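Q: Here it is, the structure in full.
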Amino acid sequence: MSDRTDCSVKQNDAARQGWLLKGRRWRRGRKERNPTAPDDEKYLQRIYDFRQLLNGEWAWDVLVALHNGPMRYTNLLNAIREKSSRNSWPGKQHQHIQDSTLNRTLRRLEQGELVQRCREDEFPYHVTYELTSAARELLVVIVPVIEWAESHADLLSRAQQRRHDEASGIE
């Protein structure tokens, strides 16, 4: 009985290190990275969930602005306004975020547990916002998507131009 346990432990350790048992021999193999295939219903549902969690014109702006640490509301608003004017995609409703829009975005991100609101106990009361650990993790795992966008900058540029043309009625 203990031999079987030892064997399964060895197999599990080897599998974690990228080795596969083929027949009676151990061979170096690839570990399956994505247990959910793109044609799987669960895969599509998780993409939908992700989009809903980060739905909103300014959600990513808030996450990126808070990346360096907690910020007071006014500083956050100014940081987003400073960087948002660089967006040249058509369809962006406003070049500068409004006060009420930032409030709604922060509430939605708080509900999604991506942003935490911290209010000081002493007068004058100050409110700061900071990323949760889930949001910090999200900003790390999104790096491959950003790298993909960098390597396909020409594709994105063409798509952006087509949208500009479509928005202005040019064919």
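Q: Can you spot a residue in segment 114-130 that is part of a helix (DSSP H, G or I), farther than 21 Å from N68 by Cβ, of a type outside the set (G, A, S) and assigned by TED's automatic domain parsing to the domain that holds P70? Quick ask: steps written out before the conclusion?
A: Pass one, segment 114-130, residues part of a helix (DSSP H, G or I): none.
Within segment 114-130 (the criterion being part of a helix (DSSP H, G or I), farther than 21 Å from N68 by Cβ, of a type outside the set (G, A, S) and assigned by TED's automatic domain parsing to the domain that holds P70), the answer is no, since none of the residues qualifies.
Q: Another question, if that's okay. R163: surrounded by 12 or more Cβ atoms within 10 Å (Cβ to Cβ) and of a type in the set (D, E, K, R), yes or no?
A: yes
Q: Step by step: first the residues of segment 122-160, then only those that are farther than 21 Å from N103 by Cα and of a type in the set (D, E, K, R), then the one that is surrounded by the fewest Cβ atoms within 10 Å (Cβ to Cβ). Which residue is that?
A: E122
Q: Which of the residues belonging to segment 97-121 are out of contact with any Ser or Thr (no Cβ under 9 Å at 6 or more places or on another chain), closer than 12 Å to Y73 by Cβ and surrounded by fewer than 12 Cβ atoms within 10 Å (Cβ to Cβ)?
A: Residue satisfying the conditions is D99 alone.
Q: Let me ask something else. So which pairs qualify, if the first residue must be in segment 59-88 and within 23 Å of V140 (Cβ to Cβ) and assigned by TED's automatic domain parsing to the domain that holds E113, the second must be among the basic types (K, R) and at pLDDT 90 or above, the Cβ gap must be under 9 Å, and the two must be at least 6 apart or on different chains?
A: A59/R108; H67/R136
The values are calculated or read from the model by the stated rules, or taken from the named source; none is laboratory data. These numbers were taken from a predicted model, which means no experiment stands behind them. All Cβ positions, even for glycine, are placed from backbone atoms using ideal geometry, and neighbour counts span all protein chains on display.
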